[in-house]
Amino acid sequence: MTALHYWSILELSTALQMKKISAVEVAEHMLARIAEIDTKYHSYISVMSDRALARAKAADEEISLGKERGILHGIPLAAKDLFDTQDAPTTAGMQIFKDFVPASDSTVVERLYEAGAYLLGKTNLTEGAHAKQHRAFALPINPWNDSYWVGASSHGSGVATAAGLAFGSLATDTGGSIRFPSACASITGIKPTWGRVSRHGAFPLAHSLDHVGPFTRSVEDAAIMLSVIAGGDDKDATTLTAPVPDYLAATRRGVEGLRVGIDPKYAFDANDVEVVTAVEAASVVLEAAGAKIREVSFPVVREAILAWRDICGAEAASFHKPTYPLMAERYDTGLSELIEHGIRTSGIKLGQAWVTRLEFRGLVAAALKDVDVMLIPTLDTPVPTLAEVESFGIGDDVLVKMTKYTIPFNMTGNPTLVMPGGFSKEGKPISIQLVGKHEAEETLFAAGHAFQRATDWHLRRPIP
């Protein structure tokens, strides 16, 4: 029988509603597991034990009285430590905010609480949600192998979800920070359409590039979490006002007649052969389920990625102006280098970057016009080792190579769904990614669930 900490959200919800197990029992089990093994994996920055137990007790009382809040009622989750929580510090992975406790909760945390879920704690992240870990915080360890990369910047949330230390986690993605940790930890992650989820109370890296979404271990569970946190928010004027579909129901649609696009040059050229094989195998699975595979022509991504760096740097510099350079000595090199790049970026160059972004967005829309989703890798290799990542160095070519399947969709705002796609001969996770049209997350969920119904990659666990 599957260990409790690896049950799906749906399985646990059913057991709670049928009173086969109590929310308090689940909370105690999860907190004990965190205490036992997270000293090794460092997925959490802070654990909210007392508050978690209190909310679990309240969930049990409501369930016993027949007050149902939905599938997440009594489910323990985690949140990347850049979402404001009034009952725990919100560090954003920065030493200067190590003891900062907000006055109110972020919108997404509020929505989880309203749905009856609760947080076990706040998860580790890179400094300011950029690329590197601040020296004041321990680097999370990949539960598949401690020599593997964990991705950035939502790596703590990814590790917690993969290692059975939470049933799902909140994360953000500015250039790949939902998708990289998903790939590295072999879990499922959804980066929704930009604006689909409120960013109110979420510490930004770059306002126009930041996306909020969940990590889970299956497409069904991702659909459940996104259904709760998505939707317009008066506190965030950039949120979409379109109604939120029933994403869980969308997973049941099937893919008969669904048009799946593949650009062989974009998806396969210069990629590791095992990644190419995994993507090809995924296309065969989807075709067998009823989808139609179509060839598409995706635009060249290099200039869009370099424009991303200018936009991200300028927006980061703008946000950090109250504390940088005033407190520059308390920043580490990763974030400070991005901010310095933003400070150096002229208005003319930033304007050029935005023109590149808008033109690229139009080209992507045209490329996806005649398909429903596009199938691509998440990384061009199986998960790299920490040593390999360090050896890549810096520079334009490295940035383009690492992010050619992530940054383009922060620039356009398209939703993407990342799933386990297999393992290399060495046992390294391989990840696949589905890209959808704006506000079409339900199509991604339909295709993703069809893939997971026919495969078992998402059912494999790194540790007991």
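The values are calculated or read from the model by the stated rules, or taken from the named source; none is laboratory data. Just so it is clear, the model here is predicted, and its values are computed rather than measured. Virtual Cβ from ideal backbone geometry, glycine too; neighbours counted across all protein chains shown. The protein model used for the area step is the full one, side chains on, heavy atoms only, and it has no ligands, DNA or RNA in it. Shrake-Rupley method; radii C 1.70, N 1.55, O 1.52, S 1.80 Å.
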Two-decimal log10 I(q)/I(0) for the stretch 185-228, as the Debye equation yields it once each C-alpha is a single scatterer, q = 0.15, 0.16, 0.23 Å⁻¹: -0.39, -0.45, -0.81
From the P(r) of the chain, could you give the percentage of C-alpha pairs in the tail past 40 Å? 12
At 37 °C and 0.692 mPa s, grab the translational diffusion coefficient of the stretch 100-217 from Stokes-Einstein with a Kirkwood Rh over Cα pairs, rounded to a whole number in µm² per second. 229
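Would you work out the Kirkwood radius for the stretch 352-409? I mean one over the mean of 1/r across all pairs of different Cα atoms, in Å.
On the way: mean 1/r = 0.0732 Å⁻¹.
Every distinct Cα pair counted, the radius reaches 13.7 Å.
Which of the helices in the chain, when you take each full DSSP H run, stretch at least 24 Å along the axis at their Cα atoms and have an average Kyte-Doolittle score of -1.0 or higher? The partial results should precede the final answer.
Numbers: long enough: 23-41 (26 Å, 0.14); 302-319 (26 Å, 0.31); 347-367 (30 Å, 0.55).
Helices meeting the criterion: 23-41, 302-319, 347-367.
What are the semi-axes of the equivalent ellipsoid for the stretch 207-247, taken as the square roots of 5 times the Cα gyration tensor eigenvalues, largest first, in whole Å?
21, 13, 7
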Pairs from LYS19/LYS57; LYS20/LYS80; LYS321/LYS401; LYS265/LYS349; LYS265/LYS437 whose Cα-Cα separation, in the structure shown, is over 19 Å: LYS20/LYS80; LYS321/LYS401; LYS265/LYS349; LYS265/LYS437
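Roll a 1.4 Å probe over the protein chains and send me the accessible area per residue for the chain in Å².
Per-residue accessible area for the chain comes out at 38 Å².
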Can you tell me which of 396-406, 438-448 comes out highest on packing, and rank the rest after it, using the mean Cβ neighbours within 10 Å? 438-448, 396-406
Keeping all protein chains in place and using 1.4 angstrom, which order do HIS155, HIS449, HIS29 fall into by accessible surface area, from largest down? HIS29, HIS449, HIS155
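Of all the accessible heavy-atom surface of the chain, with the other protein chains kept in place and a 1.4 Å probe, what percent is carbon and sulfur? Spell out each step's value before the answer.
Details: 9550 of 17500 Å².
Answer for the chain is 55 percent, counting heavy atoms of protein chains only.
Efficiency by 1/(1 + (r/R0)^6): what FRET value for ARG51 and SER208, r their Cβ-Cβ distance, R0 = 30 Å, to the nearest 0.05? Write out the running numbers ahead of the final one.
Working: r = 33 Å, r/R0 = 1.11.
Rounded to the nearest 0.05, the efficiency is 0.35.
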Debye, to nearest 20: dipole size of the chain, +1 on Lys, Arg Cβ, -1 on Asp, Glu Cβ: 220
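With runs of 4+ DSSP H residues as the only contributors, calculate the mean residue ellipticity of the chain at 222 nm using -39,500 (n - 2.57) per run, divided by the residue total and rounded to the nearest 500. List each step's numbers first, then the result.
On the way: 17 runs with 188 residues, N = 464.
Using -39500 (n - 2.57) per qualifying helix, the result is -12500 deg cm²/dmol.
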May I ask what percent, to the nearest 5, of DSSP beta bridges between residues of the chain are antiparallel? 70
Short to long, in 10 Å steps from zero, the percent of alpha-carbon pairs of the stretch 187-346 per bin is 9, 23, 31, 26, 10, 1
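What ranking do 366-372, 258-264, 113-119, 77-83 get when scored by the average of other Cβ atoms within 10 Å per residue, highest first?
77-83, 113-119, 258-264, 366-372
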Expressed in nm to one decimal, what extension gain is obtained for the pair HIS341 and LYS19 from 0.36 nm per residue of sequence separation less their Cα-Cα distance? 110.4 nm
